[in-house]
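The values are calculated or read from the model by the stated rules, or taken from the named source; none is laboratory data. What you see is a predicted model, and the numbers here were worked out from it, not measured in a lab. Positions of Cβ are backbone-derived with ideal geometry, glycine not excepted, and every protein chain shown enters the neighbour counts.
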Amino acid sequence: MPTFFIFLKYTFVIVLFIIGSLILLRLRGIYLHQRIKDPGNSNKVMNNVMNNVRLVLGCTYIILAFGILFNYLTYFLIWILEPLPDRLIYSFIDLIDVDPYAINRITDINSAIYPHEKTIYYVFSMFSFGHTVHLILSIWYLQFEVKNPRKTIINLFGAVSGCILFGFTTFMPFML
């Protein structure tokens, strides 16, 4: 499973880099199209608020890709997101009448003794990673594909809910 997360890390970095590049290339295409259409008005095109948002968002995705690739952003995110109340799924497991010592072994991969305890932790880590990717893609979709804003907001709400339920940082130690 740790090897699988390393492959997911590099795939995630490639996806983030491609998204950032596509955003910047789209911005370049808009700029060139407007410049060809009206050569004397090129400064007005770059002062458009959406173009500035696209520039910042494209650069942010590329910085995220390099940060995750070289691990400095992963360490930073673990440090920043650790105080958040997440991994609420473990609170739901507490509601079931189970030995508290067994639940402590499920919540920490280093204290797990049996293979099924590690499997549960890995499954929760996979869900955490999936919802984090869903959150990032929902933000990208919200910025570009606003044909159905209600569906986009529902996707964003579902991604944030899943990240809170399974934890923002559950999968991050496996990517180091």
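Of note:
- Given (1) surrounded by fewer than 18 Cβ atoms within 10 Å (Cβ to Cβ); (2) touching an Asp or Glu at 6+ places or on another chain (Cβ under 6 Å), number of the condition ILE136 does not satisfy: (2)
- Count of region 46-69 residues, restricted to those that are modelled with pLDDT of 90 or more and not hydrophobic (A, V, I, L, M, F, W, C), is 1.
- The set of residues in region 133-175 being touching a helix residue (DSSP H, G or I) at 6+ places or on another chain (Cβ under 6 Å), hydroxyl-bearing (Ser, Thr, Tyr) and assigned to a helix (DSSP H, G or I) consists of SER138, TYR141, THR152.
- Test for PHE144: is it at pLDDT below 80 and within 19 Å of the chain's Cα centre (by Cα): yes
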